[in-house]
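Q: Starting off with a structure, shown below.
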Amino acid sequence: MARTTCSDERPIPPLVKTCTCGHARRRLGVRPARFHLVPVAALTIVVLAPMRPALAQDAPSGPAAQREPGAGATWDHRPTIVLGEHGRLEIHARLQTDYLARNEADPDAADLSLDDRLSVARKRVGVEGELFGRVSFQVEGEIGDPEPWRDVYADVKVTRALRVRAGHFKVPFSLEQLTSATDLDFVTRSAAVSDLAPARDLGVMVHGRLARKALKYEAGVFEADGATRLWAGNAIRTLAGRITLAPLKDKSSRGSDALEISAAMLRTDLPEGRDSPSGHTAMGQTFFRRMYVNGTSTRLGASVAWNADRASLRGEVLRSIDTRVGQGVDGSTLSDMLSTGGYLAGIWHLVPGSKGDFPLRALDLTARVERLLFHSGATADEAFLNPRADHVAPIGRDALTGGVNWHPNRWVKVQGNVVREQVTDPLALLPLSATPLWGAVVRFQVAM
């Protein structure tokens, strides 16, 4: 029975994004979140501590409490608990199920049973809210995962232009990575984003909007491994920053999301080891394995997003530069490992969704072209795929994805994607077919 494998050659069912050793999760840019209950408990205390005395002092008791305007429970888009003037709590959940319809990269995929073709991509529950108009927070976890925590953070509003966020959340770098999986226009993220962009880490970030919301900034320090702490001497720290310019007006102020142009930079400590970016196909097969690196990793990114009533367009370019100090067979320093990728995606709102009090019913047609390439700075000598080679042979992947998104109502989304991809190997060093490979997957999502 066919299976994809992680970097330790351990079996992973089709389309399942995790394995017991955690390598598949690292493929998506998420290192296992090993922080313990102590910071989670501390974060909960910081968020909820001001709530108790305020409610005890200001909230009336008895029948008066039931008549307090604005207090109680509602269910519009999701279950919401309104705490009067003190804030609100929203409970949200998400379930995503994938069906693998075709995978030419796996010769045995046609013989898979229905159970093997079906997989649960996500099953998450969480709570988010706001307290006293100053503190917002979110706690979200994956049900049944040995490392369940996803977003666990508090965000404090200092001024209109300055907010401070602390906890476990997404690193401000990639446009598509910062987009929730619930709102993605495709079943999977592009290969460049999945393999080159970080996802969530433990950290502290300042962010806000300036120039009448026309300029958005995000900058923070993160820890790549939750087993240590940001202030520890041996912590693997990541510095990340992102700036977004929204030059068009939105009603009386600037900052319209009709056009957004962003630039991002990230710098990470890179301990010695085989930990460079690796490359994967849409269905999870590895076509480029990690190289030995040491020193620092610098990642650069730029993106643009244009949104109109009937169409949307977004594109992104990412580049990773990993140093290889002392990684030669003789202890010499090798040339930098370079990884470059990007995508251009278009969405045509064939049937725009209705707004207001009516259920959302929409139909979108989507298309995306993408490329990912791995190579080294040295190009003079003979090229190899040895993990300690100075001249690393260029290996890449080109892909074209077409799809359709259907929203029968505000809670349900059905997506179908067909992917045509081809691994580019100019020196013919990989035992891969030169013909393009096709894959198809259908996703059913329920989210509130």
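Q: Any chance you could count how many residues in region 333-363 are among the small types (G, A, S), modelled with pLDDT under 95 and either touching a Cys at 6+ places or on another chain (Cβ under 9 Å) or over 18 Å from V414 (Cα atoms) (or both)?
A: So in region 333-363, the residues among the small types (G, A, S) come out as 335, 339, 341-342, 345-346, 353-354, 356, 362.
From what is left, the residues that are modelled with pLDDT under 95 are 353-354, 356, 362.
Still in the running and either touching a Cys at 6+ places or on another chain (Cβ under 9 Å) or over 18 Å from V414 (Cα atoms) (or both): 356.
Of the residues in region 333-363, 1 are among the small types (G, A, S), modelled with pLDDT under 95 and either touching a Cys at 6+ places or on another chain (Cβ under 9 Å) or over 18 Å from V414 (Cα atoms) (or both).
Q: Quick one: which of D425, D390, D381 is under 28 Å from E316 (Cβ atoms) and among the acidic types (D, E)?
A: D425
Q: Let me ask another. Tell me whether region 133-155 contains one or more residues that are within 20 Å of V412 (Cα to Cα), touching a helix residue (DSSP H, G or I) at 6+ places or on another chain (Cβ under 9 Å) and not polar (S, T, N, Q).
A: No - not one qualifying residue is present in region 133-155.
Q: Keeping to region 179-213, report how many residues are within 19 Å of R314 (Cβ to Cβ) and either assigned to a loop (DSSP other than H, G, I, E, B) or over 13 Å from the mean Cα position of the chain (by Cα) (or both).
A: 11
Q: Output the strands (runs of 3 or more DSSP E) that fall wholly within region 286-360 and possess 2 or more residues being farther than 24 Å from F374 by Cβ and out of contact with any His (no Cβ under 7 Å at 6 or more places or on another chain), or say none.
A: Numbers: elements: 286-288, 292-307, 311-324, 334-351.
The qualifying strands (runs of 3 or more DSSP E) are 292-307, 311-324, 334-351.
Q: State which residue pairs qualify: first residue touching a residue at least 40 places away in the same chain (Cβ under 8 Å) and inside region 138-159, second residue in a loop (DSSP other than H, G, I, E, B) and surrounded by fewer than 17 Cβ atoms within 10 Å (Cβ to Cβ) in any location, beta carbons under 6 Å apart, and separation of 6 or more residues or different chains.
A: As it stands, the answer is E147/P32, since those pairs meet every condition given.
Q: Does D76 satisfy being surrounded by fewer than 16 Cβ atoms within 10 Å (Cβ to Cβ) and at pLDDT below 95? Reasoning before the result, please.
A: Values: surrounded by fewer than 16 Cβ atoms within 10 Å (Cβ to Cβ): yes; at pLDDT below 95: yes.
For D76, the condition - surrounded by fewer than 16 Cβ atoms within 10 Å (Cβ to Cβ) and at pLDDT below 95 - is met.
Q: Now a separate question. Of the residues R94, R117, R88, which is farther than 28 Å from F444 by Cα and either touching a helix residue (DSSP H, G or I) at 6+ places or on another chain (Cβ under 6 Å) or modelled with pLDDT of 85 or more (or both)?
A: Exactly one residue qualifies, and that residue is R88.
Q: Among the listed residues A109, A101, A161, identify the single one that is crowded, with 18+ Cβ neighbours inside 10 Å and on the phi < 0 side of the Ramachandran plot.
A: A109
Q: Mind checking which residues of region 87-131 are basic (K, R) and either within 24 Å of the chain's Cα centre (by Cα) or within 30 Å of L430 (Cα to Cα) (or both)?
A: Going residue by residue through region 87-131, those that are basic (K, R) are 88, 94, 102, 117, 122-124.
The answer is R94, R102, R117, R122, K123, R124.
Q: Working only within region 286-331, note down all residues that are of a type in the set (G, A, S), touching a residue at least 40 places away in the same chain (Cβ under 8 Å) and buried (at least 21 other Cβ atoms within 10 Å of the Cβ).
A: Passing the criteria: G301, S303, A305, S320.
Q: Sticking with this structure for a sec: Can you find, within region 132-157, the residue that is surrounded by the most Cβ atoms within 10 Å (Cβ to Cβ) among those that are of a type in the set (V, I, T) and more than 19 Å from the chain's Cα centre (by Cα)? Show your work before the answer.
A: Restricting attention to region 132-157, the residues satisfying the condition of being of a type in the set (V, I, T) are 135, 139, 143, 152, 156.
When the remaining residues are screened for being more than 19 Å from the chain's Cα centre (by Cα), the result is 135, 156.
On the way: V135: 18, V156: 15.
Taking the candidates together, the pick is V135.
Q: Please go through region 214-235 and pick out each residue that is more than 30 Å from A308 (Cα to Cα) and either at pLDDT 80 or above or assigned to a strand (DSSP E or B) (or both).
A: Once the filter is applied, which keeps residues that are more than 30 Å from A308 (Cα to Cα) and either at pLDDT 80 or above or assigned to a strand (DSSP E or B) (or both), region 214-235 yields G220, V221, F222, E223.
Q: Considering only residues that are in contact (Cβ under 8 Å) with a residue 40 or more places away in the chain, closer than 19 Å to S174 by Cβ and among the β-branched types (V, I, T), which ones fall in region 243-284?
A: Result: I261, T268.
The values are calculated or read from the model by the stated rules, or taken from the named source; none is laboratory data. Just so it is clear, the model here is predicted, and its values are computed rather than measured. Because the Cβ atoms are built from the backbone with ideal geometry, glycine has one as well, and the counts that use them run over all protein chains shown.
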